[in-house]
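The structure under discussion appears below in the form of structure tokens.
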Amino acid sequence: MTTPALANRLVEALHVEALLLVDESNAYFGGPGRLDRDRLDPRGRVVFACEALKATTRLMQLIAWLTTHRGGRLPGAPLAEAAESDEPTLAGLPSAARRLILAGIELHQRTRRLAELGESNGVTAISPARHLLERLERAF
């Protein structure tokens, strides 16, 4: 069973990892990735653009969910389903793009497992401020 404190530490670690991956992806897709894309044939450029969009959407979904759940689990929407990216499609992409996309997929899968574990265990960690308010309500 995951304790609230452990869940909070895991969410925080995943949040930092997601932010770093967003930064790395932004640097690549906004810079060297453009050159990599331009070297592809027309179909490859479309595939590259689609996969880059899926990757960025996946990361933004992660950031949104993790930000909401930092410091205490808040009620809200479940982690959004990520758009699928298949291996044969990814195999045709430049290695840097493929590495970033696969890292985002793997991070999304780990975050999904944490979200599902928390739901199945009924883990609902609350923020320190919420805890204090509840203590005050019980006292009066």
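Coordinate-derived values only; no laboratory data. What you see is a predicted model; the values in this text were computed from it and never measured. Cβ sites come from the backbone with ideal geometry, for glycine too, and all protein chains shown count toward neighbours.
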Sequence order, the range 8-24: Karplus ³J(HN,Hα) from phi using 6.51 cos²θ - 1.76 cosθ + 1.60, θ = phi - 60°, Hz rounded, Gly and Pro as x, gives 5, 5, 5, 4, 4, 5, 5, 5, 4, 4, 5, 4, 5, 5, 4, 4, 5
Karplus 3J(HN,Hα) series, Hz, for the range 27-33 with 6.51 cos²θ - 1.76 cosθ + 1.60 (x for Gly, Pro): 5, 6, 5, x, x, x, x
Treat each spin label as a single point 7 Å out from the Cα along the C-beta direction, and report the residue 16 to residue 67 distance in nm. 1.9
How charged is the neighbourhood of residue 48? Take every other residue with its Cβ under 15 Å from the Cβ of residue 48, and add Lys/Arg as +1 and Asp/Glu as -1. +3
At R0 = 30 Å, how high is the FRET efficiency between residue 80 and residue 5 if r is their beta carbon distance? Nearest 0.05 is fine. 0.70
Taking neighbour Cβ counts within 10 Å as the exposure measure, how do 116, 24 sort from fewest upward? 116, 24
How do 51-59, 36-44 rank on mean C-beta neighbours within 10 Å, highest first? 51-59, 36-44
